[in-house]
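The values are calculated or read from the model by the stated rules, or taken from the named source; none is laboratory data. Because the structure is a prediction, the values reported are computed rather than measured. Cβ placement follows ideal geometry from the backbone for every residue including glycine, while neighbour counts extend to all protein chains displayed. In case anyone asks, the SASA skips ligands and DNA or RNA and just uses the protein heavy atoms, side chains included. Shrake-Rupley method; radii C 1.70, N 1.55, O 1.52, S 1.80 Å.
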Amino acid sequence: MGGQQWGISLSKSTRVDKQSSLFSFLERKETPLQMATVSLTLLSPLFSNSSKSSLKLGISNANNANQTSIQENLNLICIDSKRGVSVSQRRETLIKGLALLPLVVFGGTPISEAREVEVGSYLPPSPSDPSFVVFKASPKDTPALRAGNVQPYQFLIPPTWKQSRVANILSGNYCQPKCAEPWVEVKFEDEKQGKIQVVASPLIRLTNKPNASIEEIGNPEKVIASLGPFVTGNSYDPDELLETSVEKRGQQTYYKYVLETPFALTGSHNLAKATAKGSTVVLFVASANDKQWSTSQKTLKAMLDSFEV
């Protein structure tokens, strides 16, 4: 392993010694109007003799014409490179550190308004059932809602659940308003009860008819055959489908599913509910493993039933 090279395109510094290899990872100089410099130095832990490898980020901002600078040095990661630590462990630690860089270097508004607190601290209680709170999706929550590509939706959720962040590549942020593949709108979870997510798919992926209703797309079995992999997180087998039903709410029709999915990445038990509105098919998925399902299936079914667009 010691002879392998890092698979990262970085410009190598001319100053290299036997203890460590120094890479200039990022250097960007803005115009005088922007007055911002971001620089990043990466010390590779590939060499077992290195006493310490570290990753530092220096950010300087000049707020006036005199270019008065504020230097902030952030020690993002410190890797103990003693002989007793394997190269693979050090590499894994470094990669985890690099995964945090976009949050520090690029900053900006997060893709969604996900919060690391219980939803009961900021969502209103349900008028019909005080044991739940109401989540109503708004444009501030997802890129697709901001682009007008998905109609607002809502559902009930227990107050102890927490919202999870959706990775940029899964959120559809990069392809709105004309995404060719499904994307994840929002995610919530509770380690004792399970998790839920809302997945949206372009209507054209299922039918060429504009503004088609879900009945016009096909029967419940046809729809789940197309969307099943987004329920399970990997593959869909028709034998995993235990039950289907059709629900009418005003002018909107919903297909509901109960699936037993022993090989699914999302969990061995999945509930799903799908409908079509405008140019999008929206899918609500509630998932749980065997332990969670034994105590939370009633709660998950109540969440599924409450979902509407």
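So how far, in whole Å, is the C-alpha centre of the range 289-309 from the one of the range 197-218?
If you average the Cα positions of each part, the centres end up 25 Å apart.
Using θ = phi - 60° and the Karplus form 6.51 cos²θ - 1.76 cosθ + 1.60, what ³J(HN,Hα) does each residue of the range 219-231 get, whole Hz, x for Gly and Pro?
Couplings: 6, x, 5, 5, 5, 5, 5, 7, 9, x, x, 7, 7 Hz.
Could you work out how much longer the chain between Gln251 and Glu116 gets when fully extended? Use 0.36 nm per residue separation minus the Cα distance between them, nm to one decimal.
Values: separation 135, 0.36 × 135 = 48.60 nm, distance 3.62 nm.
Gain on extension, Gln251 to Glu116, equals 45.0 nm.
Once the other residues with Cβ under 13 Å from the Cβ of Gly194 are scored (Lys, Arg +1; Asp, Glu -1), what is the net sum?
+3
Return the subset of Lys136/Lys192; Lys136/Lys222; Lys192/Lys291; Lys248/Lys277; Lys256/Lys291; Lys136/Lys162 for which the Cα-Cα distance in this structure is over 20 Å, preserving the input order. Intermediate results must be reported in sequence, preceding the final value.
On the way: Lys136/Lys192 24 Å; Lys136/Lys222 29 Å; Lys192/Lys291 8 Å; Lys248/Lys277 14 Å; Lys256/Lys291 23 Å; Lys136/Lys162 15 Å.
Too far apart for the 20 Å limit: Lys136/Lys192; Lys136/Lys222; Lys256/Lys291.
How do Asp305, Asp239 stack up against each other in accessible area, from largest to smallest, with a 1.4 angstrom probe?
On the way: Asp305 65, Asp239 130 Å².
From most exposed to least exposed: Asp239, Asp305.
Can you list the HN-Hα couplings for the range 233-242, worked out from phi with the Karplus curve (6.51, -1.76, 1.60; θ = phi - 60°), rounded to whole Hz and with x for Gly and Pro?
Here the 3J(HN,Hα) series is x, 9, 10, 10, 10, x, 5, 7, 7, 8 Hz.
Can you give the accessible area of Arg205, probe radius 1.4 Å, in Å² rounded to 10?
90
If DNA, RNA and ligands are ignored and the probe is 1.4 Å, what is the ranking of Ile204, Ile224 by accessible area, most exposed first?
Solvent-accessible surface, decreasing: Ile204, Ile224.
At 1.4 Å probe size, with no ligands or nucleic acids counted, give the accessible surface of Lys273 in Å², nearest ten.
0
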